[in-house]
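Structure first, then comments.
Values quoted throughout were computed directly from the atomic coordinates according to the rules given, and no laboratory measurement underlies them. Everything quoted here is computed from the prediction, not taken from an experiment. Here the Cβ positions follow ideal geometry from the backbone for every residue, glycine too, while neighbour counts run over all protein chains shown.
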Amino acid sequence: MKKWDKNIQHDIKEGILQGQGVRKLGEDTCFTAAVPDKKACSLLLYRKGRKEPEAVIPMEGSGQYGDLRSLLVKGLPADRYEYNYEIDGQVVTDPYACRIAGRESFGKPVKEELKGRICSGTFEWEGDRPLRLPYEEVVAYAAHVRGFTKHSTSRVKAKGTFAGIKEKIPYLKELGINQLELMPVYEFSELSSMDDPKLKKYAPMDGGEPRINYWGYSPKAFYFAPKASYAASDNPVQELKELIRELHRSGIEIVLEFYFPKGTKASLVLSCIRYWVVEYHIDGVHINRDGAPVEALAQDPLLSHTKIFSESFALDEIYEEKTVPAFRNLAEYNDGFMLDARRFLKGDEGQLTSFTWRARRSPARHGVINYMANHNGFTLTDLVSYDEKHNEANGEANRDGSDVNYSWNCGEEGPSRKKRLLKLRGRQLRNAFAILLLSQGTPLIYAGDERGNSQSGNNNAWCQDNEISWIPWKTGKAETSLFKYVKGLIAFRKAHPVFRQSRELQMTDYLSCGYPDVSYHGKQAWFGDFENYSRSVGILYAGDYVGAEAEDEKDDFFYVAYNMHWMPHEFALPALQGDRRWRIALDTGREGAEGIFPEGQEEILEEQRQVTVPERTILVLIGK
């Protein structure tokens, strides 16, 4: 045993290699850091809240494994100390630290050096485990921790925090979602040094205050530490774990987004994702493939039941030929569905082929995450209220953000009081949610869209830590009506597995039941109008294909008539077998949830061979 600094009152010995970072081993604390060969390194131990180290412990005499150096401090009271390393004369904050001191206030300049904190104690998970929901059963919801409850109308005590989300779990349950995706929750620099050329985008535009990196996509991050300013308490680790445990108790999965800039070491990415899965019981991760080794993650046995979202995957590198995984944990997450569905909603020409493909897509090897809006782009309300982006508040003269949004303001730019226009916008919002929730794959709702949230036309609100990005929890007639409609539509999807099948639809009658699993219709039954000018299509789903091996799992037949044209259209209806008759189950032309008919109360169509669907309306018929 040695005391390598006269100020340290605890014995020191070689560490035990258990990966980088700090590990508590009973009463002892093991520190492991990666140090380039031949460079000096010392452990700096600070009394909590002190600027100067109490002890400087050289690590040259510690255990060495390649470039890893590890030492163990006997009996260190971890809750009283913070730490850094001094490597080659530079003070370095541990990139593997499980907590960071110095960033407790969001958007405030860091007044002194950041320090690592030592995570001590255990968390009582009370039998908690990831939920492992299959993709076809998931209805996802994407949110920003701060923006979800920061608004003054959120009616939570701990606004803008993990605890604030916990207070909103009953709301999420009522809505019907069962997966929550959160934008970066780890420590990132929302106010970065202006002398770093990688961070010029955060610099003030006119000599004013630096812009806030609100979204969290920063090249400087501590990926193992929950963000202290997202906690209402002084313990973000405890608070985040409590949130995850309560989400799981409510049947809601948790997926965390990680941004890894190009050049991030693969070893750090792998260690990071494994750590969050084991330590925090997360159900999945959303990662960017240009900075992360997605194929290596996909082949990691530890992560075989962890959902992994990314833009795409090289499947032939992951699975042997024709191999289908027992648990689909990979999911394609990109803008493909959003762009095609928006163009169809808007009424652009030539969209039927791409839309119908998106609507039935659900590959055997991986899931697909479908969304109509996300943080990058217009909210759904802005999608039907603005033709052009309005990003002036970002300080870049409206040059930032995408110029291609496939939006339509319905006749007037921005807010309006015209009843006719508001009625059309409301119908377009209901159409957008119907397109999303009646498609195969996994639907994802952007937080606030179910309440008609607007960002005033800002489609790139990355720097807006204010009411542009914070969700207002209004309870007016329009907001309440839309919420009830989305809630009812989610329940409708859950009640009818024909819209969330576990296998990709084949467009063939492989059961020899007289109907294909999915088919397309137009002015004539069995003949879809796929001409370039067509903006309407009827889709027939045969319920016999749901649970083909179990008779009691079969669903009803459904005919979804999409008319995105500005004129009414007639749809020919295929004949039903036996005494089944077509009834109206859902009509987006009716206000709010009034257009969703309760089970057993659907209206019978007077004409069973054809139906006229009004302009810009979706009609769902059920064969019963």
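Values computed for the structure shown
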item	result
Over the stretch 12-92, relative contact order from alpha-carbon pairs under 8 Å, at least 6 apart, %	38 percent
The stretch 321-443 - Kirkwood radius from inverse mean 1/r over Cα pairs (Å)	16.0 Å
Neighbour-count order for 335, 94, 88, 556, fewest beta carbons within 10 angstrom listed first	88, 335, 556, 94
Difference of contour (0.36 nm per residue) and Cα-Cα distance, residue 296 to residue 238	17.9 nm
Debye intensity ratio in log₁₀ form over the Cα atoms of the stretch 12-92, taken at each q of 0.16, 0.27 Å⁻¹	-0.54, -1.44
P(r) of the chain over all Cα-Cα pairs, binned every 20 Å from zero, in whole percent	18, 48, 26, 8, 0
Label-reachable residues, the stretch 138-153, where backbone N falls under 17 Å from a point 7 Å from residue 467's Cα toward its Cβ	147-153
Diffusion coefficient, µm² s⁻¹, Stokes-Einstein with Kirkwood Rh over alpha-carbon pairs of the stretch 505-624 at 25 °C and 0.890 mPa s	165 µm²/s
Any cysteine of the chain lacking a neighbouring Cys Cβ under 4.7 Å - listed by number	30, 41, 272, 410, 463, 513
FRET efficiency estimate (nearest 0.05) - Cβ-Cβ, residue 419 to residue 387, R0 22 angstrom	0.60
Distance between modelled label sites at residue 353 and residue 27, nm, 7 Å Cα→Cβ extension	7.5 nm
Acute angle (nearest 10 degrees) that the helix 419-437 long axis makes with the longest principal axis of the chain, alpha-carbon atoms	70 degrees
Flagged links, alpha-carbon separation over 30 Å, of 220/487; 494/624; 168/419; 150/220	220/487; 168/419
Crossing angle, helix 477-495 versus the chain [Cα axis fit, 0-90 degrees, rounded to tens]	90 degrees
Label-to-label distance, nm, for residues given as residue 80 and residue 577 (7 Å Cα→Cβ offset)	7.8 nm
Length-normalised contact order of the stretch 506-623 in % [C-alpha pairs under 8 Å, at least 6 apart]	25 percent
Over the chain, relative contact order from alpha-carbon pairs under 8 Å, at least 6 apart, %	10 percent
Angle in degrees between helix 266-280 and the longest Cα principal axis of the chain, rounded to the nearest 10	80 degrees
Neighbour-count ranking [beta-carbon atoms within 10 angstrom, fewest first] of 396, 332	396, 332
Rounded to 5, percent antiparallel among DSSP beta bridges of the chain	75 percent
Extension gain (nm, one decimal) between residue 129 and residue 315, 0.36 nm per residue minus Cα-Cα	64.2 nm
Calculated [θ] (222 nm, deg cm²/dmol) that DSSP helices of n ≥ 4 give over the chain, each run adding -39,500 (n - 2.57)	-5500 deg cm²/dmol
Residue order, fewest to most beta carbons within 10 Å, for 493, 417	417, 493
Extension gain from residue 533 to residue 52, taking 0.36 nm per residue of separation minus the Cα-Cα distance	165.9 nm
